[in-house]
Amino acid sequence: MYFNNLRLIFLFFFIASHAVKAQEMGFEEYNPTATLVVSKNEVKRAKFPFIDVHSHQFRMATQDLSELISDMDRLNMGLMVNLSGGSGEDLRKMLENVNKNYPNRFAIFANVDFRGVGKEGWGQRAAAQLEADVKAGAKGLKVYKSLGLRNTDTNGKRLAIDDPRLDPVWAKCGELGIPVLIHSADPKPFWDPVDSKNERWLELKTRPRRKRSATDPAPWEQIIEEQHNMFKKHPKTKFINAHMGWYANNLGKLGELMDEMPNMSVGIGAVIAELGRQPRAAKQFFIKYQDRILFGKDSWRPDEFPTYFRVLETGDEYFPYYKKYHAFWAMYGLDLPEEVLKKVYYKNALKLIPGLDQRLFLN
């Protein structure tokens, strides 16, 4: 009898302690399995061959590309744009490896080194180096977010995106007919207070170095305005605004910007979760601006691509994103019309990026 009572007491405290733990569980751990039963149409392979205009392969100069090609084939990726081509000799080594083994499956963008801005003739030298890189085989220019966030001139002052000393580079891109894929700033919540109202709270808690402020290095609105000023100053240059310019959560405003800057297209890399939570508005946006939206993923993780395919191709309801810290909400498919899907997957990229092998996408 005594031992039975002890067992009951132990069982009571065991259950009580676990109940308290469950009640004290934080948002980080809370990840319920949905009881909703809906149609499920996972898409492992894109319906049409596609071009990923936003990828980074830093070892392409020396890596065996056969495994990469196998992964691409499984996804139905016809062509990958490697935005991390560098410049000069580094770029040429990448091009040699690609052209020797898979000449029609990769396009490489050059990068500009913004160190030295402020020295006499920097703009002309940078433009000349870019022209040499394009002659070597580069298909475009990629500009990292360090411009506007971290790059400084020779006096140590933050380098604004619309700094006139950079104009020769943007003008040269227009002259050469190559696009500029540019990532400026980061999501606006990175500049907001880290409190219960911030949708990126979990991301900022787990990755505190992403936090910004009006003085670190400048207000979000200022950096974005600098980018738009530069687009408007160079109407003959084609720009691809990475991550939909961080306006995927405000498609009405993004539409106004698209109308205002006809030389600006947008890539959907890393913002698919924003589109998936507003399927009706996003579908209308894709239909209206179908000639200026390009597929891109950003990070090379093949297992994450099917979420993009599912959002774009299906009418599925209430399915999860693959990174809770980016998006804790459920998503819905846009069920895009086939012609719109083809434009997003490859037709728009073929128009913007010169010299791609169009035979890969004939159907």
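Scan region 58-79 and give yes if some residue there is under 25 Å from the mean Cα position of the chain (by Cα), β-branched (Val, Ile, Thr) and buried (at least 22 other Cβ atoms within 10 Å of the Cβ), otherwise no.
no
Need the failing condition index for residue 70 against (1) small (Gly, Ala, Ser); (2) under 30 Å from residue 97 (Cα atoms); (3) modelled with pLDDT under 90, just the number.
Single failed check for residue 70: (3).
Of the conditions (1) surrounded by fewer than 17 Cβ atoms within 10 Å (Cβ to Cβ); (2) more than 20 Å from residue 144 (Cα to Cα); (3) at pLDDT 95 or above, residue 38 clears all except one; give me its number.
For residue 38, the exception is condition (3).
Based on this model, can you work out whether residue 341 counts as more than 30 Å from residue 32 (Cβ to Cβ) and at pLDDT 95 or above?
Here the answer is yes, as residue 341 does meet what is asked.
Write out, first by first residue and then by second, each pair whose Cβ atoms fall under 6 Å of each other, whose residues are 6+ apart or on separate chains, and whose first residue, in region 288-313, is within 20 Å of residue 278 (Cβ to Cβ) while the second is among the basic types (Lys, Arg).
290/343; 313/47
Of these, 168, 179, which one is open to solvent by 20 Å² or more (accessible area, probe 1.4 Å) and either farther than 15 Å from residue 219 by Cα or modelled with pLDDT under 95 (or both)? It would help to see each step written out before you state the result.
Values: 179 fails: open to solvent by 20 Å² or more (accessible area, probe 1.4 Å).
The match here is 168.
Yes/no per residue for (1) surrounded by 15 or more Cβ atoms within 10 Å (Cβ to Cβ); (2) assigned to a loop (DSSP other than H, G, I, E, B):
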| residue | (1), (2) |
| --- | --- |
| 280 | no, no |
| 296 | yes, yes |
| 300 | yes, yes |
| 306 | yes, no |
| 315 | no, yes |
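What residue, of 98, 81, is touching a Phe, Trp or Tyr at 6+ places or on another chain (Cβ under 7 Å), modelled with pLDDT of 95 or more and assigned to a helix (DSSP H, G or I)?
On inspection, the qualifying residue turns out to be 98.
Sort out which residues of region 328-363 are in contact (Cβ under 8 Å) with a residue 24 or more places away in the chain, surrounded by fewer than 19 Cβ atoms within 10 Å (Cβ to Cβ) and polar (S, T, N, Q), and write them in order of number.
Within region 328-363, just 363 meets the criteria.
Quick one: would you say residue 199 is free of Cβ contacts under 8 Å to residues at least 40 places away in the same chain, in a loop (DSSP other than H, G, I, E, B) and under 20 Å from the mean Cα position of the chain (by Cα)?
Yes, satisfied.
So which residues in region 115-145 are more than 15 Å from residue 173 (Cβ to Cβ) and in contact with a helix residue (DSSP H, G or I) (Cβ under 8 Å, 6 or more places away or on another chain), if there are any at all?
Within region 115-145, 116, 117, 118, 122, 136, 137 qualify.
Has region 262-277 got any residue that is in a loop (DSSP other than H, G, I, E, B), open to solvent by 60 Å² or more (accessible area, probe 1.4 Å) and farther than 26 Å from residue 304 by Cβ?
yes
The values are calculated or read from the model by the stated rules, or taken from the named source; none is laboratory data. Remember, it's a predicted structure, so these values are computed and weren't measured experimentally. Here the Cβ is made from the backbone with ideal geometry for all residues, glycine too, and neighbour counts use every protein chain on show. Accessible surface areas use protein heavy atoms only, side chains included; no ligands, DNA or RNA. Shrake-Rupley method; radii C 1.70, N 1.55, O 1.52, S 1.80 Å.
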